[in-house]
1. Which condition breaks for S15 when tested against (1) closer than 30 Å to V94 by Cα; (2) open to solvent by less than 80 Å² (accessible area, probe 1.4 Å); (3) free of Cβ contacts under 8 Å to residues at least 60 places away in the same chain?
2. Return the only residue of E63, E75 being more than 22 Å from the chain's Cα centre (by Cα) and acidic (D, E).
3. So which residues in segment 25-42 are farther than 11 Å from L74 by Cβ and open to solvent by less than 60 Å² (accessible area, probe 1.4 Å)?
4. Please list, ordered by first then second residue, the pairs with beta carbon atoms under 7 Å, 6 or more apart or interchain, first in segment 92-107 and within 16 Å of T20 (Cβ to Cβ), second of a type in the set (A, V, I, L, M).
5. Listed residues V31, V94, V102; which is at pLDDT below 90 and not basic (K, R)?
6. Using the structure shown, decide if E61 is modelled with pLDDT of 95 or more, open to solvent by less than 100 Å² (accessible area, probe 1.4 Å) and either under 30 Å from R41 (Cβ atoms) or not aromatic (F, W, Y) (or both).
7. Are any residues in segment 69-93 open to solvent by 70 Å² or more (accessible area, probe 1.4 Å) and out of contact with any helix residue (DSSP H, G or I) (no Cβ under 7 Å at 6 or more places or on another chain), and if so, which ones?
Amino acid sequence: GLWAPGGMLAYLTLSGLLLTHLRRPIGHYTVREQRLEGHFRHISSRIITNSEEIAFYRGHERERHWVDKIWNKLEDHLRSVMQFRFGVGMIDTVVAKYLATVVGYSI
C-alpha cells in the first residue's frame, strides 16, 4: 500500500533535516575564512607597499612575525574546516546512501 512510499518520504524528510542541521556551521566557517584571508592579503599588501622602509629600518623580523601569525591562524582554521567537512561528508554518505537502502529494504 502507501506504507512503503510514505515511509521512504518520511525517512528522506528526516534525514534531510538532520543533514541540514549538521551543515549549518559551514556558513560561519566561510565568514571566518574570508576574514582571515582578507587580513592576510592586507598584511601582504602593506609589506609590498612599504618594502623599502621595512628593508631600510630592518623591520623584516617584525613583519615576518605578523605574516607567520596570520598564516598560522588561517592554516589552523582551514584544517579544522576540512576536518569538519570530511566528517559531515561521511555522515552524509552513510545517511543518504546506506541507511536509505536499509530503510528501503526493511519497508
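The values are calculated or read from the model by the stated rules, or taken from the named source; none is laboratory data. All values derive from a computational prediction rather than experimental measurement. Here Cβ is always computed from backbone atoms with ideal geometry, including for glycine, and neighbour counts include all displayed protein chains. Areas reflect the complete protein model, heavy atoms only, side chains present, ligands, DNA and RNA absent. Shrake-Rupley method; radii C 1.70, N 1.55, O 1.52, S 1.80 Å.
1. The single condition S15 does not satisfy is (3).
2. E63
3. The first filter runs over segment 25-42 and keeps only residues farther than 11 Å from L74 by Cβ, leaving 25-31, 42.
Residues satisfying the conditions are P25, I26, G27, T30.
4. D92/L19; V95/L18; V95/L19
5. On inspection, the qualifying residue turns out to be V102.
6. Working: modelled with pLDDT of 95 or more: yes; open to solvent by less than 100 Å² (accessible area, probe 1.4 Å): no; either under 30 Å from R41 (Cβ atoms) or not aromatic (F, W, Y) (or both): yes.
So E61 does not fit the description; no.
7. The initial filter retains those residues of segment 69-93 that are open to solvent by 70 Å² or more (accessible area, probe 1.4 Å), namely 69, 71-73, 76, 79, 82-83, 85-86, 90-91.
The answer is K69, N72, D76, R79, M82, Q83, R85, F86, M90.
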